[in-house]
Amino acid sequence: MKARVLSGIQPTGSPHIGNYLGALKNWVRIQYDYDSIYCIVDLHAVTVYQEPRELRAKIEELTGILLAIGIDPLHSALVVQSSVAAHAELAWMLTCVTPVGWVERMTQYKAKAQAQETIGDGLLQYPVLMAADILLYQAAIVPVGEDQSQHLELARDIAQRFNSLYGETFVMPATHLPTVGARIMGLDDPEKKMSKSAAGSGHAVSLLDPPEVIRKKILRATTDSNPGVDFDHPGAGVRNLLTIFQAFTGWEDDNMRAHFAGMRYGDLKKQVAEAVIEALEPIQKRYREIMAEPGFVAKVLENGAAKVRPIANGTVNKVKKAMGLYTPE
Ligand code: ATP
Ligand code: MG
């Protein structure tokens, strides 16, 4: 039996090249090596207010994008989190074994809470729901960007605490859940990671941005006052552009140095923009084809949920029994 891989992405805003290079590209690369479950985590999305109609549309758009980048629905399960009730059920049970201090320490919570006028309890419990996502499927591998590594550690701690309170129930996710891929920073502010939910039209390149928009955003990216690329000590903005180029083209380090060292920023940006446009063009074409097929996305999501529900319900039953909750015999 193949080991299980699980990962998720929120249907908030538009997926960007950071999501792609840091996570999604890797989902595609490894999907056949594992029993793969990829989740559109709408319950995570609503930890901050989402306009309902927009959220609904984003779920379909994101599914189309995941198919367009190469997730194979005949092999991998593409699942909307809220369509499998066990996610929310297990999250509650795990909430009850998680000390508040553990979740209050989370960096993402602190950052996102700062941006809110009133902080929803869901925002605090976000990593507990994420632990539920992982533990429901006893996933061995959880490929996420580096920003999620703290949440993965917490998932382990929660599993361990549950096991010590109620007996061996969860298989521990691997100690070092591999974080793979590049960390991409905002184009307008290279000190902050690129985020779907960040404001500002020059912040992120979306996977569906047309070529002229991509060019405009990258040509306006924040750099520094150097005249050209100092390859050994680039500023944060220039380093980010080089990372984007290399992640899309797969060029070797030596090639990168020979080509970009000393290059003027204007030329660097033009080349980065063209590399991004070239890489996204086939994805955008497939996306349009997929979305033009009526009912296709809905069918993929229905099949995905049907495939994983028995696994998820099996775990919830096991947890209920361990806790002494009521399960019909
Ligand atoms: P939001 O602002 O709504 O949190 P996000 O851009 O952080 O959106 P998520 O849906 O939270 O996106 O994350 C999806 C996946 O993309 C996760 O595996 C996450 O680690 C990864 N990821 C998010 N931002 C980046 C980034 N800037 N660089 C690399 N990987 C990223
Ligand atoms: Mg995020």
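The values are calculated or read from the model by the stated rules, or taken from the named source; none is laboratory data. Owing to the predicted nature of the structure, the values given are computational and were not obtained by experimental measurement. Note that we place each Cβ from the backbone using ideal geometry, even for glycine, and neighbour counts take in every protein chain shown. The accessibility values were calculated without ligands, DNA or RNA, using every heavy atom of the protein model including side chains. Shrake-Rupley method; radii C 1.70, N 1.55, O 1.52, S 1.80 Å.
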Restricting to the stretch 137-156, count the residues that are within 20 Å of ASP33 (Cα to Cα) and either touching a Gly at 6+ places or on another chain (Cβ under 9 Å) or within 16 Å of ligand 2 (Cβ to nearest atom) (or both). 4
Within the stretch 256-284, track down each residue that is open to solvent by 60 Å² or more (accessible area, probe 1.4 Å) and out of contact with any helix residue (DSSP H, G or I) (no Cβ under 9 Å at 6 or more places or on another chain). ARG257, ALA258, ARG264
Condition first: assigned to a strand (DSSP E or B), more than 16 Å from ligand 2 (Cβ to nearest atom) and more than 20 Å from ALA85 (Cα to Cα). Can you find one or more residues in the stretch 38-54 that meet it? no
Verdict on THR47 being within 16 Å of ligand 1 (Cβ to nearest atom), surrounded by 22 or more Cβ atoms within 10 Å (Cβ to Cβ) and over 18 Å from GLY304 (Cα atoms): yes
Being assigned to a helix (DSSP H, G or I) and either open to solvent by less than 10 Å² (accessible area, probe 1.4 Å) or within 12 Å of ligand 1 (Cβ to nearest atom) (or both) is the filter here; which residues of the stretch 27-37 pass it? TRP27, GLN31
Which condition breaks for ALA57 when tested against (1) among the small types (Gly, Ala, Ser); (2) free of Cβ contacts under 8 Å to residues at least 40 places away in the same chain; (3) more than 21 Å from ALA91 (Cβ to Cβ); (4) within 14 Å of ligand 1 (Cβ to nearest atom)? (4)
Condition first: more than 8 Å from ligand 1 (Cβ to nearest atom) and either of a type in the set (Lys, Arg) or part of a loop (DSSP other than H, G, I, E, B) (or both). Now tell me which residues in the stretch 12-26 satisfy that. SER14, LYS25
Considering only residues of the stretch 128-168 that are of a type in the set (A, V, I, L, M, F, W, C), open to solvent by less than 10 Å² (accessible area, probe 1.4 Å) and in a loop (DSSP other than H, G, I, E, B), which is farthest from HIS44 (Cα to Cα)? ALA139
Test each condition in (1) of a type outside the set (Phe, Trp, Tyr); (2) away from ligand 2 (no atom under 14 Å from the Cβ); (3) under 22 Å from GLN31 (Cα atoms); (4) out of contact with any Ser or Thr (no Cβ under 9 Å at 6 or more places or on another chain) for MET130 and report the one that comes out false. (2)
The one condition in (1) in contact (Cβ under 8 Å) with a residue 60 or more places away in the chain; (2) closer than 30 Å to ALA159 by Cα that PRO310 fails to fulfil: (1)
Please state which of the following conditions LEU74 fails to meet, knowing it meets all the rest: (1) in contact with a helix residue (DSSP H, G or I) (Cβ under 7 Å, 6 or more places away or on another chain); (2) under 14 Å from LYS307 (Cβ atoms). (1)
Against the condition within 14 Å of ligand 1 (Cβ to nearest atom), free of Cβ contacts under 8 Å to residues at least 24 places away in the same chain, outside any strand (DSSP E or B) and of a type outside the set (Asp, Glu), how does ALA111 come out, does it pass? yes
Counting only residues that are open to solvent by 20 Å² or more (accessible area, probe 1.4 Å) and farther than 30 Å from ALA247 by Cβ, the stretch 294-311 contains a total of 11
For ILE59, are the conditions met, namely being under 15 Å from the mean Cα position of the chain (by Cα), part of a loop (DSSP other than H, G, I, E, B) and away from ligand 2 (no atom under 16 Å from the Cβ)? no
Condition broken by CYS39, with the remaining ones in (1) at pLDDT 95 or above; (2) more than 11 Å from the chain's Cα centre (by Cα) satisfied: (2)
Out of the stretch 224-271, which residues are of a type in the set (Phe, Trp, Tyr) and either in contact (Cβ under 8 Å) with a residue 40 or more places away in the chain or within 23 Å of ARG29 (Cβ to Cβ) (or both)? PHE245, PHE248, TRP251, TYR265
Tell me whether the stretch 275-292 contains one or more residues that are touching a residue at least 40 places away in the same chain (Cβ under 8 Å), in contact with a Pro (Cβ under 7 Å, 6 or more places away or on another chain) and under 25 Å from ALA68 (Cα atoms). yes
